[in-house]
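Visitor: Sharing a structure, written as structure tokens. Questions coming.
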Amino acid sequence: MRETAETSAEPWATLLVQLRGRSEDDGASDGIDPTELAEASERLEALATLIAEDPRAAGVETRDASTLGSRCEIPELTIYTTPDGLEGLVAEVERLAAELRLALRLTPAVRTDDDWRDTWKQFYAPIVFAAASTTLLVRPSWIDRKDGDPELELVLDPGRAFGTGQHETTRLCLEVLVALAEAGARPDRVLDLGCGSGILALAAARLFPRAAVVAADNDPDAADTAAENAAANALEDRLEIRAATVLELSDSFDLILANIRPGVLIPIAGEVARRLAPGGTVVLSGVLGEEAEAVLAAYAAAGLEQVDRRDLAEWCALVLRAAR
């Protein structure tokens, strides 16, 4: 990609995150044992999910051999940020890499050309979630509607908070929401816990037009982003946005959505269950397949029963119900 010598573009930064073999020397080939690659790739995907929640990350692009004809045989990430956010993101990726037992090579860069700033947009495309007669379109703002697109839609751009519908955990939740709407669910009150961008709360507002929807996140930046996205979709009157944790919520809900990692989901199982109305449903995502049993055990101990499970790649969404 060409750089222009003279440009007035606002500086932009990227952090390239690549897997590194344990025996790799500087300048040598990747040296990753093929038998370890699949497991390391799953952990790298988990890192992508976690870092996408960081308010300094404007977008996270995952590349592998299947991505738009990429020649990248070993998965890698590009994190888009600002020059001011770069140092902090490097430190956070290093911390997560140690936690996930990942050997990584990090390459930070600051750019000023518009082409470089906009390349990540090609990795965001409209997605249709459909179940028989119920269909929801999620699209970025730079892609216009076309003839035949579903009437129900959300317009969401990558921003300071995680959630554009592209990641598997979000897609699983949206699939479940559409399926619930198709099956005739009519919740009076919905909670999107750890709302991030607010995408699940906004989808619930679209799919359940009579529901009162609460979007809650303990990150004030996420709450602000959810408010911006609600306004962009003319849904600001449908959402009550709270900068709060589950412990600070005293309401009762018919449907709770929580796209959060098990490290948070498991300790709050009892609190989530206490905020479910009789017969209420909770959808848990952000869970790797290998983590599902531990999550289910915590919520079963809190009195909830599994009624569905959906899997996509290495991730799963768990649907549980309270007794009536």
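The values are calculated or read from the model by the stated rules, or taken from the named source; none is laboratory data. Values in this document were obtained by computation on a predicted structure and should not be read as measured data. Virtual Cβ from ideal backbone geometry, glycine too; neighbours counted across all protein chains shown.
Visitor: Within region 180-213, track down each residue that is part of a loop (DSSP other than H, G, I, E, B) and closer than 24 Å to Leu50 by Cβ.
Guide: Result: Gly194, Cys195, Gly196, Ser197, Gly198.
Visitor: Of all residues in region 218-241, which are within 22 Å of Ser141 (Cβ to Cβ) and either under 15 Å from the mean Cα position of the chain (by Cα) or in a helix (DSSP H, G or I) (or both)?
Guide: Across region 218-241, the qualifying residues are Asp221, Ala222, Ala223, Asp224, Thr225, Ala226, Ala227, Glu228, Asn229, Ala230, Ala231, Ala232.
Visitor: Ala273: farther than 30 Å from Trp142 by Cβ, in contact with a Gly (Cβ under 6 Å, 6 or more places away or on another chain) and in a helix (DSSP H, G or I), yes or no?
Guide: Answer is yes for this residue.
Visitor: Please indicate, with yes or no, whether at least one residue in region 276-299 is among the polar types (S, T, N, Q), over 15 Å from Leu172 (Cβ atoms) and out of contact with any helix residue (DSSP H, G or I) (no Cβ under 6 Å at 6 or more places or on another chain).
Guide: For region 276-299, residues among the polar types (S, T, N, Q), over 15 Å from Leu172 (Cβ atoms) and out of contact with any helix residue (DSSP H, G or I) (no Cβ under 6 Å at 6 or more places or on another chain): absent.
Visitor: Determine, yes or no, whether Asp84 is part of a helix (DSSP H, G or I), at pLDDT below 70 and farther than 30 Å from Val176 by Cβ.
Guide: no
For (1) among the small types (Gly, Ala, Ser); (2) crowded, with 24+ Cβ neighbours inside 10 Å; (3) at pLDDT 95 or above, each residue gets a yes or a no:
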site: Gly163; (1), (2), (3): yes, yes, no
site: Glu168; (1), (2), (3): no, no, no
site: Leu180; (1), (2), (3): no, no, yes
site: Leu191; (1), (2), (3): no, yes, yes
site: Gly196; (1), (2), (3): yes, yes, no
site: Asp219; (1), (2), (3): no, no, no
site: Ala227; (1), (2), (3): yes, no, no
site: Ala244; (1), (2), (3): yes, no, no
site: Glu248; (1), (2), (3): no, no, no
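Visitor: Starting from region 88-107, take each residue that is in a helix (DSSP H, G or I) and list its partners that are crowded, with 18+ Cβ neighbours inside 10 Å and among the polar types (S, T, N, Q), counting only C-beta distances under 6 angstrom and pairs at least six apart or across chains.
Guide: If the second residue must be crowded, with 18+ Cβ neighbours inside 10 Å and among the polar types (S, T, N, Q), the pairs left are Leu89/Thr81.
Listed here are the residues, each with its yes/no results for (1) under 23 Å from Ala46 (Cα atoms); (2) part of a strand (DSSP E or B).
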| site | (1), (2) |
| --- | --- |
| Asp254 | no, yes |
| Val264 | yes, no |
| Ser285 | yes, yes |
| Tyr299 | yes, no |
| Ala323 | no, no |
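Visitor: Continuing with this model, one more query. Taking the stated definitions as given, is Arg171 of a type in the set (Lys, Arg), in a helix (DSSP H, G or I) and under 14 Å from the mean Cα position of the chain (by Cα)?
Guide: Yes, satisfied.
Visitor: Can I ask one more? Restrict the check to region 251-263 and report whether at least one residue is assigned by TED's automatic domain parsing to the domain that holds Gly194, more than 16 Å from Val190 (Cα to Cα) and touching an Asp or Glu at 6+ places or on another chain (Cβ under 9 Å).
Guide: Taking every residue of region 251-263 in turn, at least one turns out to be assigned by TED's automatic domain parsing to the domain that holds Gly194, more than 16 Å from Val190 (Cα to Cα) and touching an Asp or Glu at 6+ places or on another chain (Cβ under 9 Å).
Visitor: In addition: Kindly indicate whether any position in region 296-312 is β-branched (Val, Ile, Thr), buried (at least 19 other Cβ atoms within 10 Å of the Cβ) and modelled with pLDDT of 95 or more.
Guide: No, region 296-312 contains no residue that is β-branched (Val, Ile, Thr), buried (at least 19 other Cβ atoms within 10 Å of the Cβ) and modelled with pLDDT of 95 or more.
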